[in-house]
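Each remark here refers to the structure printed beneath this line.
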Amino acid sequence: MDDFKLRAGEKIGALHDAALGVANNSKIKINDAIDKTVEAAKKIREVVLELWQHELVLEGRARAAAWAAEAVRRIREGALPLSPAVLYQDLVDLFKDRVWRRSMVIFVCGVAVGGGAGLMVGLRAGTRAPLGPHARALHTQSDQTVLLVEDAVSPGVSAGEVLVRVQSFSVCPVDRAVLRGRGSALRALLGTGPVTVGRGFAGVVLDVGQGVNDLELGDEVWGVVSEWSGGGASELLAIRRSRVSRSPRGVSPPHAAAIPWGGTRALKALGKIDMKGKRVCVVGGNTSASCLSIQLLCGRGARVCVAEHSKAHPTMKALGAHEFIDLSSEAWWVSLEKATSRAALWDSLVLGDTAPNIPHKGLVKATSRLRSISLRPRPLLSDRVPSPVWPAFCVAFMMYRLLRWSVGLGWHTDWLEDGNPSEQLEVLREMVDEGQLAPVLDKVYLPHDFEAALAHACSDEAVGTTVIRFP
């Protein structure tokens, strides 16, 4: 018993000593922090005093005192505080001094830059929507990998936005380009967040922001997300109203998500060109945009030839294609040249996402008005700005946004879109409802299989749209 008490006393003593040591260390650290703070305050005071006694500051203080005395005298005499003629002459004398002129330029530039930066920070903080509930999302990491986060915080809905519960979203070769850096500079400038994949989506409206009057809770919608503005791979997505529209009636979410991205690109590329009776060759017809372009061309009366691997020919025939070129055995250019030698030249070439840069000379009629149509997204200007020019680009971009905000056009970035996505989605919805357009759904994956889904979407095995569904 005595040994037990002795050991217990030794342990208690050791704990007491350790507690004293920790307390002393903490006290020393606190004292060091206080000493450093006091020393920094003294240095700041010395700098301020040194500036206060500088000859330029002394001269300015003397001028300010003289102006104040003159203003008091004139007020007592019942005149204006400062005579405009005297003030003008003082300013002329002041700016004749080279040192004062340089100091004034530095001061004005500092006020402009500092005030502009403060205004930008204030506007950014004021327009940021409150955080919403937690949901599943695919976050892009710095090493270009994508991680499924089960409890990601979703942004709340702000003015002009819609909160959508995403049920399905599409994956395409553009997502691979996004992971490799496409649009990353502009996304960083806009602060879009870690969700960058998922171009087209379909879901249900959960909430609407101020100014949105044509959508309400429970509406089934679909939409597109440009590569520079983030991604749709989030179960709860706050997105601008201008990028969503009501989805077609009676279409399941996976089938609905297969149309928006490829459909809007096909509409923009083809425009309102009259294709009736024209012979058009679609090169690389296995992607979503190519499949939808085939349907649009056939609906406009064109005779469509598809250059693709033979395994995709049955699907292309079901979409309305009339002729086929097998690209399985030979190079693209050789197969296309052989096809033109057997038949007449085409009126136009439509190049899909997977098609190489093919010169139209020798394949398209010389008299054709529209020789080549590309379905691939155009290069982004922000990705091509050299690093030395990037700060100037950022300043110009933010100043332009500030100018738009100051004239009442809002802080949003809808003006960066190529056309109006909402109007294009409405056109697609009407075409689907009338039976003129049908989704081409390839495979459906779950969120944790994103890597497999992206690999399949970018492979030759894909025919149509690869979709990921939130269970």
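The values are calculated or read from the model by the stated rules, or taken from the named source; none is laboratory data. Here the structure is a predicted model, which is why all the values come from computation and not from measurement. Reconstructed Cβ throughout: ideal geometry from the backbone, glycine too, with neighbour counts over all protein chains shown. SASA here: full protein model, heavy atoms, side chains in, ligands and nucleic acids out. Shrake-Rupley method; radii C 1.70, N 1.55, O 1.52, S 1.80 Å.
For residue 438, the conditions (1) among the hydrophobic types (A, V, I, L, M, F, W, C); (2) at pLDDT below 95; (3) open to solvent by less than 40 Å² (accessible area, probe 1.4 Å) all hold with the exception of (3). Where strands (runs of 3 or more DSSP E) sit wholly within the stretch 283-364, those with at least 3 residues that are more than 25 Å from residue 255 (Cβ to Cβ) and touching a residue at least 24 places away in the same chain (Cβ under 8 Å) occupy 303-308, 348-351. For the stretch 226-249, a tally of residues being of a type in the set (Ser, Thr, Tyr) and either under 21 Å from residue 136 (Cα atoms) or under 13 Å from the mean Cα position of the chain (by Cα) (or both) returns 3.
Checking each residue in the stretch 149-178 for being more than 25 Å from residue 439 (Cβ to Cβ) and either in contact (Cβ under 8 Å) with a residue 24 or more places away in the chain or out of contact with any strand residue (DSSP E or B) (no Cβ under 7 Å at 6 or more places or on another chain) (or both) picks out 152, 154, 155, 156, 157, 158, 159, 160, 161. Scanning the stretch 141-186 for residues that are polar (S, T, N, Q), in contact with a Pro (Cβ under 7 Å, 6 or more places away or on another chain) and at pLDDT 90 or above yields a count of 2.
When the residues of the stretch 181-195 are filtered to those that are touching a residue at least 60 places away in the same chain (Cβ under 8 Å) and in a helix (DSSP H, G or I), the one that is most open to solvent (accessible area, probe 1.4 Å) is 184. Assuming residue 418 fulfils every condition listed in (1) open to solvent by less than 80 Å² (accessible area, probe 1.4 Å); (2) modelled with pLDDT of 90 or more; (3) within 25 Å of residue 185 (Cα to Cα) apart from one, which condition is it? Unmet for residue 418, out of (1) open to solvent by less than 80 Å² (accessible area, probe 1.4 Å); (2) modelled with pLDDT of 90 or more; (3) within 25 Å of residue 185 (Cα to Cα): (2). Of the candidates 266, 257, the single residue that is within 22 Å of the chain's Cα centre (by Cα), of a type in the set (A, V, I, L, M) and within 30 Å of residue 365 (Cβ to Cβ) is 266.
Residues of the stretch 223-256 being assigned to a helix (DSSP H, G or I) and either open to solvent by 10 Å² or more (accessible area, probe 1.4 Å) or under 13 Å from residue 197 (Cβ atoms) (or both), which ones? 241, 242, 243, 253, 254, 255, listed by residue number. When residue 203 is tested against (1) assigned to a loop (DSSP other than H, G, I, E, B); (2) in contact with a strand residue (DSSP E or B) (Cβ under 8 Å, 6 or more places away or on another chain), just one condition goes unmet, and that condition is (1). Of the helices (runs of 4 or more DSSP H) lying entirely inside the stretch 1-102, those carrying at least 3 residues that are modelled with pLDDT of 70 or more, within 54 Å of the chain's Cα centre (by Cα) and surrounded by 10 or more Cβ atoms within 10 Å (Cβ to Cβ) are 2-52, 55-76. The condition (being farther than 29 Å from residue 198 by Cβ and touching a Cys at 6+ places or on another chain (Cβ under 6 Å)) is satisfied by just one residue among 349, 336: 349. Condition first: open to solvent by less than 40 Å² (accessible area, probe 1.4 Å) and polar (S, T, N, Q). Now tell me which residues in the stretch 293-317 satisfy that. Matches in the stretch 293-317: 293, 295. A count restricted to the stretch 318-353 and to residues that are surrounded by 13 or more Cβ atoms within 10 Å (Cβ to Cβ), modelled with pLDDT under 75 and not hydrophobic (A, V, I, L, M, F, W, C) stands at 1. Within the stretch 409-419, can one find any residue that is assigned to a helix (DSSP H, G or I), under 19 Å from the mean Cα position of the chain (by Cα), at negative phi and of a type outside the set (D, E, K, R)? Looking for residues that are assigned to a helix (DSSP H, G or I), under 19 Å from the mean Cα position of the chain (by Cα), at negative phi and of a type outside the set (D, E, K, R), one finds at least one in the stretch 409-419, hence yes.
Scoring residue 280 on the criteria (1) in contact with a Lys or Arg (Cβ under 9 Å, 6 or more places away or on another chain); (2) in a helix (DSSP H, G or I); (3) in contact (Cβ under 8 Å) with a residue 60 or more places away in the chain leaves a single failure, condition (2). All of 426, 461 fail the test of being acidic (Asp, Glu) and either open to solvent by less than 30 Å² (accessible area, probe 1.4 Å) or in a helix (DSSP H, G or I) (or both), apart from 426.
Is the stretch 384-401 home to any residue that is open to solvent by less than 50 Å² (accessible area, probe 1.4 Å), over 30 Å from residue 281 (Cα atoms), touching a helix residue (DSSP H, G or I) at 6+ places or on another chain (Cβ under 9 Å) and among the β-branched types (Val, Ile, Thr)? The answer is yes; a qualifying residue exists.
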